[in-house]
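Trainee: Just dropping this structure here.
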Amino acid sequence: MTTEQMIQKYKDWIFRQSAYQMALSLINFDKLTIAPKGGNEYRDEREAYLAGEYFAIATKKDMIPVLKALKDDENVDADTRRACELYYKNMMKDACIPKDEFIAWHALQNESYNHWLEAKQKNDYSIFEPYLKRIIEGSKKIYGFRESDIPIYDQMLDDYEPGMDREKYDRFFDALKERILPLIKQVTEAKQIEDGFLYEKFDIDGQKAFMEHLLKYLEYTPDWGYQNETEHPFTDWVCENDCRTTTKYLENNVVSAIFSTIHECGHAWYEHNIDPKYDGMILSNGVSSGMHESESRLCENYLGRTKAFWEANYPILQEQFKEQLGNVSIDEFIRAVNVAKPSLIRTEADELTYPVHILIRYEMEKGIFDGTISTEHLDEAWNAKYKEYLGVDVKDAKDGILQDVHWADGSFGYFPTYALGSAFAAQFVDQMRQEINVDEMLRTSRYGEIQKWLREKFQHYGCFYDAPDIMKLVTGKEFDPQYYIEYLENKYRGLYLSDKK
Ligand code: ZN
């Protein structure tokens, strides 16, 4: 085969893959948002079939020599070479799995998800426990096909964040444990900030009216973005100009939907900012889970919780909820949205205690895969860690072990990237603030200009570079968790401990 013929074969192959990926992603978005539950079984069966077809294409063995040849051919353009390198890497991981095993695994993921949802609704871990056990066994089996000498959990960590393993995460979490756990204790014992006004009754229609304004401010426009509602907010995308997010409204919490929206739109913006020439190929994705999360957290916390952000938005929120917020000053509001308080729910956690929720999941995942924790007592182990690290009592499984969807479909190794993302963001923001006047842009409703900086600095590359290279490209330095730790220390000492000593 000539190089031209190989490139044509490669192009046909990625086009077919992207068609199946689009179908699967839309079916998933539909399932999680509007699809009637009664059709679950019918749809899941067909979805598993499509996933199997997609898998068969993605792991087609006759593509192995083509990808290998193209990735190593200096005469081929750099984008194609890089894409082939990544496809080849994935192929080596997946091609070893027999198709029927893959379909069975996918069906189990669907079944497990449905039971997790039921268990959460009924607040009963025992409904989910047998499926969790099967999901753990199933994922061990799937990873077993790779015949790698690397322990399974390390492989999982590397899948979500290439280059990471237990040793590196241990170092990262140890640094957090050493500096952040004592800070949480000090903050918990300090004089508390008044935030009760955020949790009065805020009618959902009023929240939705503010949301219309917020989406405009975030420049998340209908020509490329769409928002719906789900129990567990998330972002999905088909291509750079078709991104979908979800949010969740709570009547007794005026900021929950707001911050989840800023967060998910941060994910969507990242996908939107990737160079459209990569649409339909592997390069058209955020570079890693940690990098993706860095962008959403950058938007949610490092932009969305600043005074400058609310100088542009608070008057409108106040106008919407005169009765509840009319007498609350912007400074009181800012302090309230930055309150740190140990709590039960990860997605509702503040910036300071958030990484501890992740630390707990990380330690539990390690225990699951080294065999020291079994599914039978996983809820108790969970509750004990929450008590030990955050000092809170878990009374209901729905607010404890059942709160997150990740384990229901076997996404082990994913959680740690959430904490890593916050830490990446701290380093990016440090650089961004040296180069552009972020506060001025936020204050004057020029959110798109901040996104432009992110796009031009690195987001447009998609995964043309690896995460560590991107960190160096943007900040001139290797990733350093000290930026994150110092950010948290400065911020929360300022909020809670400044009048001491
Ligand atoms: Zn996220």
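The values are calculated or read from the model by the stated rules, or taken from the named source; none is laboratory data. As the structure is a computational prediction, the values presented were derived from the model and not from experiment. Here the Cβ is made from the backbone with ideal geometry for all residues, glycine too, and neighbour counts use every protein chain on show. For accessibility, only protein heavy atoms count, side chains too; no ligands or nucleic acids. Shrake-Rupley method; radii C 1.70, N 1.55, O 1.52, S 1.80 Å.
Trainee: Taking helices (runs of 4 or more DSSP H) that do not extend beyond the stretch 288-403, which have at least 3 residues that are charged (D, E, K, R)?
Mentor: 289-297, 307-320, 330-337, 354-369, 378-385
Trainee: Residue by residue through the stretch 112-135, note down the ones that are touching a residue at least 24 places away in the same chain (Cβ under 8 Å) and of a type in the set (Gly, Ala, Ser).
Mentor: Passing the criteria: SER112, ALA119.
Trainee: Let me ask something else. I'm trying to understand the selection: among the residues of the stretch 161-182, which are farther than 27 Å from GLU376 by Cβ and open to solvent by less than 60 Å² (accessible area, probe 1.4 Å)?
Mentor: Listed by number, the residues that qualify are GLU161, PRO162, GLY163, MET164, ASP165, PHE172, ALA175, LEU176, ILE180, LEU181.
Trainee: Out of all the residues in the stretch 154-165, which are modelled with pLDDT of 95 or more and closer than 13 Å to PHE415 by Cβ?
Mentor: Result: MET156, LEU157.
Trainee: Given the condition out of contact with any Cys (no Cβ under 6 Å at 6 or more places or on another chain), closer than 18 Å to TYR314 by Cα and of a type outside the set (Gly, Ala, Ser), answer yes or no: does some residue in the stretch 169-185 qualify?
Mentor: Scanning the stretch 169-185, I find no residue that is out of contact with any Cys (no Cβ under 6 Å at 6 or more places or on another chain), closer than 18 Å to TYR314 by Cα and of a type outside the set (Gly, Ala, Ser), so the answer is no.
Trainee: Out of (1) within 28 Å of LYS140 (Cβ to Cβ); (2) of a type in the set (Gly, Ala, Ser); (3) away from the ligand (no atom under 16 Å from the Cβ), what's the single condition that is false for GLY421?
Mentor: Single failed check for GLY421: (3).
Trainee: Quick one: ILE316 ticks every box in (1) surrounded by fewer than 17 Cβ atoms within 10 Å (Cβ to Cβ); (2) in contact with a Leu (Cβ under 8 Å, 6 or more places away or on another chain); (3) among the hydrophobic types (A, V, I, L, M, F, W, C) bar one, so which box is it?
Mentor: (2)
Trainee: So THR372 fits all but one of (1) within 16 Å of the ligand (Cβ to nearest atom); (2) surrounded by fewer than 18 Cβ atoms within 10 Å (Cβ to Cβ); (3) β-branched (Val, Ile, Thr); what number is the exception?
Mentor: The failed condition is (1).
Trainee: How many residues, within the stretch 319-331, are open to solvent by 10 Å² or more (accessible area, probe 1.4 Å) and in contact with a helix residue (DSSP H, G or I) (Cβ under 8 Å, 6 or more places away or on another chain)?
Mentor: Number of matching residues: 6.
Trainee: State all residues of the stretch 448-488 that are farther than 18 Å from GLN434 by Cα and touching a Lys or Arg at 6+ places or on another chain (Cβ under 7 Å); if no residue qualifies, say none.
Mentor: PHE464, ILE485
Trainee: Quick check, is SER294 open to solvent by 10 Å² or more (accessible area, probe 1.4 Å) and small (Gly, Ala, Ser)?
Mentor: No, not satisfied.
One line per residue, one yes/no per condition, for (1) away from the ligand (no atom under 16 Å from the Cβ); (2) open to solvent by less than 40 Å² (accessible area, probe 1.4 Å); (3) within 30 Å of GLN17 (Cα to Cα):
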site: GLU189; (1), (2), (3): yes, no, no
site: ASP195; (1), (2), (3): yes, yes, no
site: HIS213; (1), (2), (3): yes, no, no
site: GLY225; (1), (2), (3): no, yes, yes
site: GLU240; (1), (2), (3): yes, yes, yes
site: VAL254; (1), (2), (3): yes, yes, no
site: ILE258; (1), (2), (3): no, yes, no
site: TYR270; (1), (2), (3): no, yes, yes
site: LYS277; (1), (2), (3): yes, no, yes
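Trainee: Counting residues that are touching a residue at least 40 places away in the same chain (Cβ under 8 Å) and more than 28 Å from PHE464 (Cα to Cα), which strands (runs of 3 or more DSSP E) fully inside the stretch 218-277 reach at least 2?
Mentor: Once the strands (runs of 3 or more DSSP E) in the stretch 218-277 are filtered for at least 2 residues that are touching a residue at least 40 places away in the same chain (Cβ under 8 Å) and more than 28 Å from PHE464 (Cα to Cα), what remains is 225-229.
Trainee: A follow-up question, please. For the stretch 122-147, give me each residue that is more than 21 Å from SER374 (Cβ to Cβ) and at pLDDT 95 or above.
Mentor: Matches in the stretch 122-147: LYS122, ASN123.
Trainee: For the stretch 398-408, give me each residue that is more than 16 Å from the ligand (Cβ to nearest atom) and either without any contact (Cβ under 8 Å) to a residue 24 or more places away in the chain or within 25 Å of ARG166 (Cβ to Cβ) (or both).
Mentor: Correct list: GLY400, ILE401, TRP407, ALA408.
Trainee: Of everything in the stretch 296-316 that's farther than 8 Å from LEU442 by Cβ and among the aliphatic types (A, V, I, L, M), which residue is farthest from the ligand (Cβ to nearest atom)?
Mentor: It comes out as ILE316.
Trainee: Which one of the conditions (1) under 30 Å from LEU497 (Cα atoms); (2) open to solvent by less than 50 Å² (accessible area, probe 1.4 Å); (3) not small (Gly, Ala, Ser) does LYS185 fail to meet, given that it meets all the rest?
Mentor: (2)
Trainee: I've got another one for you. Could you check, for the stretch 62-82, whether at least one of its residues is in a helix (DSSP H, G or I), open to solvent by 60 Å² or more (accessible area, probe 1.4 Å), more than 20 Å from VAL238 (Cα to Cα) and in contact (Cβ under 8 Å) with a residue 40 or more places away in the chain?
Mentor: no
Trainee: Please tell me if ARG335 is within 16 Å of the ligand (Cβ to nearest atom) and not hydrophobic (A, V, I, L, M, F, W, C).
Mentor: Criteria not met by ARG335.
Trainee: Tell me, please, whether a residue that is outside any helix (DSSP H, G or I) and in the same structural domain as ALA104 (by TED's automatic domain parsing) can be found in the stretch 47-59.
Mentor: There is at least one residue in the stretch 47-59 that is outside any helix (DSSP H, G or I) and in the same structural domain as ALA104 (by TED's automatic domain parsing).
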